[in-house]
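For reference, the structure is listed below as structure tokens.
Laboratory data are not the source of any read-out in this text; all were calculated from the coordinates shown. Quick caveat: nothing in here was measured; it's all calculated off a predicted structure. A quick note on method: Cβ atoms are made from the backbone with ideal geometry, for glycine too, and the neighbour counts reach across all protein chains shown.
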Amino acid sequence: MEQLAAEGELPIEHHLRNYLAALEAGNRTVKHIETVSRIVGRVADFTGFRSIRDISTDGMNRYTAEQRRAMSLRTVQSHLAIFKSFTAWLARNHKLPFDPLSSIRIGTAESDRRRVWRTLMPEEWQWMKVVTADQPVRYGLTGSERALVYELAIQTGLRAAELRSLRRSNFHLDGKQPFVLCHAQSTKNRKNCHQFIQLELSNALQRQFMGKSTGSVAFNLPSEWDTADMLRADLAAAREAYLSAAKVDPNELERRQSDEFLQQTTSEGKLDFHSLRHTCGSWLAKLGAHPKLIQSVMRHSTITLTMDRYGHTFPEEQAELIQKLDRLFPSDAANPAASHLQYVLQQSQHDSERRDATPCESAAPSPLAVASRNSSATAELCEPVRRAAVKNEIHPAGVEPAACGLGNRRSIQLSYGCLDVNSIRFSTG
């Protein structure tokens with residue numbers, strides 16, 4: 001208790017420094033550590049948390065409510081998640097007796113996403129690839145280099161920062177299955193990743209890297225914001241070429257001017273450099289790849305994250321799958337249960353046609369009437385049995401020769417089993 005009291009007296013900046021040191025020891029990225037420092041300081045300044053014992057759910061709720069007016073729900077929830085991680089660390093390391101924010105839950109923000117990345121369609125990429133390769137130098141990269149960077153991002157799903165960290169030695173292009181190795185210190189999840197690429201791209205990269213040393217940077221990518229501007233400029237050039245190709249046909253030109261092809265912002269979302277990673281996952285989903293395989297390529301922590309991102313690309317397959325349910329059932333010709341059911345229904349229909357009949361037990365008929373009735377009932381039974389019978393291998397007619405003369409025979413032998421005559425009740429009008 002004395003230790004907890006002493007820890008509670010220390011300013012929140014003291015504990016924040018220790019928390020950031022723990023993140024650094026845990027091999028978290030510099031960018032993440034800087035973000036945590038900025039967000040925790042911002043929350044503390046707004047709420048007036050001077051020491052860790054001042055932290056309360058009421059103060060955190062005031063912060064989220066106020067920031068919600070200027071930020072998207074997704075951003076506000078990311079701030080909440082960062083500060084909750086801080087208080088959880090304080091409780092685990094006995095700085096606080098319990099986590100004061102444990103009762104606050106982080107909900108979903110999918111309905112309030114302000115940044116929605118759209119997928120680059122395959123037809124759009126064909127235009128962009130060809131046009132970009134002929135464009136002049138932008139941000140220190142030739143048009144052919146930029147086209148290779150875009151294609152590499154689409155095939156591997158690597159982020160801009162991960163691509164920026166690649167050296168010539170990270171590319172293994174000589175085997176039958178060329179791949180790119182991105183080391184753990186450069187990846188978001190701090191794990192090594194092997195991302196395979198197509199042979200055509202591998203050959204193009206070998207030509208691009210000719211003369212480069214193994215330790216040289218693969219691509220001199222610009223800063224984060226300039227990378228996005230670079231892609232938008234190439235996208236605009238591809239859009240211009242797309243429109244220019246239809247100038248000879250006024251009707252076609254008018255149609256192209258009104259569509260969203262190669263537009264930066266469409267009804268589906270906005271296109272920037274991170275959209276190339278989103279394109280990688282979407283294209284794999286459209287090819288019918290298993291979600292676990294897509295999760296592996298995209299390096300998602302959970303399969304839920306993969307399905308949330310790319311599950312919308314399967315609507316046509318869902319409809320087709322429902323139409324295939326009938327394949328689970330055999331055809332009537334090969335289904336003995338269906339044949340037996342058909343026979344039972346025929347017998348039920350035959351009985352329902354004689355609803356005005358009087359049960360045999362309701363009166364004591366004379367011996368002559370019984371004989372007459374048995375003869376009549378036997379005649380009536382023979383015809384529907386012959387119609388419903390399935391052809392028997394021993395008796396081609398499907399019924400044994402003596403089936404219609406009851407005599408001492410107790411059953412009528414059919415190809416699918418025995419029909420007990422004693423279970424049939426005959427009635428006469």
- Item | Extension gain, residue 247 back to residue 21 (0.36 nm per residue minus Cα-Cα distance, nm) | 75.2 nm
- Residues with amide H under 5 Å of residue 196's amide H, sequence separation 5 or more or different chain, H placed in the peptide plane at 1.01 Å from N; which? 180
- Label-to-label distance, nm, for residues given as residue 214 and residue 133 (7 Å Cα→Cβ offset): 3.0
- Note on the structure: The ³J(HN,Hα) series, computed from each phi in the stretch 285-291 with the Karplus coefficients 6.51, -1.76 and 1.60 at θ = phi - 60°, rounded to the nearest Hz and given as x for glycine or proline, is 5, 5, 6, x, 5, 5, x
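Placing unit charges on C-beta atoms (Lys and Arg positive, Asp and Glu negative, everything else neutral), compute the dipole magnitude of the stretch 2-112 about its Cα centre in debye, rounded to 20. Don't jump to the answer; show the numbers that get you there.
Numbers: 15 positive and 13 negative charges, 60 e Å.
Charge dipole, the stretch 2-112, about its Cα centre: 280 debye, nearest 20.
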- Query: Long-range amide H contacts for residue 117: which residues qualify at under 5 Å (H placed 1.01 Å from N, peptide plane, sequence gap of 5 or more or a different chain)?
  - Reply: 270
- Query: Under the Karplus relation 6.51 cos²θ - 1.76 cosθ + 1.60, θ = phi - 60°, what is the ordered set of whole-Hz ³J(HN,Hα) values for the stretch 76-93, x standing for Gly and Pro?
  - Reply: 4, 5, 5, 5, 5, 5, 5, 5, 5, 5, 5, 5, 5, 5, 4, 5, 5, 9
- Message: Please give me the summed charge of the neighbours of residue 146: other residues whose Cβ is under 14 Å from its Cβ, Lys and Arg +1, Asp and Glu -1.
- Response: -2
- What residues have an amide H closer than 5 Å to that of residue 167, excluding those fewer than 5 places away on the same chain, when H is modeled at 1.01 Å from N in the peptide plane? 218
- Note on the structure: With residue 137 itself left out, Lys, Arg at +1 and Asp, Glu at -1 over residues whose Cβ is under 13 Å from its Cβ give -1
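Taking a temperature of 25 °C and a viscosity of 0.890 mPa s, what whole-number D in µm²/s does Stokes-Einstein yield for the stretch 2-112 with Rh from Kirkwood over alpha carbon pairs? Don't skip to the end; give the middle numbers.
Working: Rh = 14.5 Å.
Result for D is 170 µm²/s.
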